[in-house]
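Derivation of every value follows stated rules applied to the coordinates shown; laboratory data play no part. Treat the numbers as computed from the prediction; the structure is a model and nothing was measured. Please note: Cβ atoms are built from the backbone with ideal geometry, for glycine as well, and neighbour counts cover all protein chains shown.
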Amino acid sequence: MSEKTIKIFTGNANPALAQEICDCLNLPLGRATVKTFSDGETFVEIGENVRGADVYVIQPTCPPVNHHLMELLIMVDALRRASTRRITAVMPYYGYGRQDRKVAPRVPITAKLVADIITTAGARRVLAMDLHAGQIQGFFSIPVDHLFAAPVLLQYLREKFEPPVVMVSPDAGGVERTRAFARRMNAGLAIIDKRRERPNESTVMNLIGDVKGKIAILLDDMVDTAGTLCKAAEALMANGAKEVHGCATHPVLSGPALERIADSPMKSLIVTNTIPLSEKAKAVSKIKVLSVASLLGEAIWRIHNDDSVSSLFV
């Protein structure tokens, strides 16, 4: 397929990332009107011919999650009705990803519901980054390319921190991810044993591993209210860590997150631009943002040209 037939569009979730991806690919950002009526309804109009095109809609479903999800669905529907050849939903951040299983009676599996409605809207492929749970790929009946921000984060960590370094998982669920980072960093591994009393609240119970006199880097897939991360940082300092840094792909940063980060013993929090920072978050000097635009752009280009993207799954 020729280069002219690839088109990239974006909603209002993260237009800066979409533009950066287009710059990496030397492509123009597609023209589309995506706005909200006074009653809250979303309106979409595609401003150019897309008949027969291979289209990529870049739209993380970040806060406000429901609004950005509806923008994505309506854009996909508009493009499908405009006779595109294929629509790929590029979701750097997959909202509702934490609701991936039943944790109590009579609760939904919303990550599966979202997968169903994205497919029903007309998406024929999904490109996501650092899903909260890998099994979400299986919730889709269409191909899913699951990228990781690890190459971008690891490059920064290697350049920034000198040994001795220990990678720390803030909970048992993130051990596999943290072990992979530790191996590539030639670093030690530690685990925070925590008990979650209620949603968005956690209590640090124990530290497994040696952090005394070392630079401790807490690794997670996302930072939401930052309660887990900040309490883990306090536990690490109490156990003799030389200094503590946080590292996560998705900066959700809701509720009291910014105040907690500012007051925490963490020296820095390293995140990516899958979710745009608010103006208030940009003012927090501890937060360092790395770009994943080139990684996403490379994946889009390989998918468009029917090339392998497996080398990007590291």
Would you calculate a helix-derived [θ] at 222 nm for the chain, using -39,500 (n - 2.57) for each DSSP H run of n ≥ 4 and dividing by the full residue count, to the nearest 500? -9500 deg cm²/dmol
Principal-axis tilt of helix 293-304 within the chain, Cα atoms, nearest 10 degrees: 40
Under a point spin-label approximation (7 Å from Cα along Cα-to-Cβ), what is the Glu48-Arg302 distance to one decimal in nm? 2.6
With point charges of +1 on the Cβ of Lys and Arg and -1 on the Cβ of Asp and Glu, referenced to the Cα centre of the chain, which listed residue (Pro105, His67, Ser254) lies farthest in the positive direction of the dipole? Pro105
Please rank Val175, Val152, Val57, fewest neighbouring Cβ atoms within 10 Å first, as an exposure proxy. Val175, Val152, Val57
To the nearest 10 degrees, how steep is helix 15-25 against the longest Cα principal axis of the chain, on a 0 to 90 scale? 80
State to the nearest 20 debye the size of the charge dipole of the chain about its Cα centre, where the only charges are +1 on K and R beta carbons and -1 on D and E beta carbons. 420
Fewest first, what order do His250, His132 take by the number of other Cβ atoms within 10 Å? His132, His250
Read-out Cα extents along the principal axes in Å, derived from the coordinates shown; its label in (1) 62, 50, 35; (2) 61, 42, 36; (3) 80, 57, 42: (2)
In nm, give the distance between the simple-model label positions of Gln19 and Asn66, each being 7 Å from the Cα along the Cα-to-Cβ direction. 3.0
Pairs to check: Lys102/Lys194; Lys242/Lys267; Lys242/Lys288; Lys102/Lys231; Lys242/Lys280. Give those whose C-alpha atoms are more than 22 Å from each other in this structure. Lys102/Lys231; Lys242/Lys280
Give me the tail of P(r) for the stretch 1-66 as a percent: Cα-Cα pairs with distance above 19 Å. 37
Using Cα atoms only, what is the angle between the long axis of helix 175-185 and the major principal axis of the chain, expressed in degrees (0 to 90) to the nearest 10? 80
Return the tail of the calculated pair distribution for the stretch 152-290, meaning the percent of Cα-Cα pairs more than 21 Å apart. 34
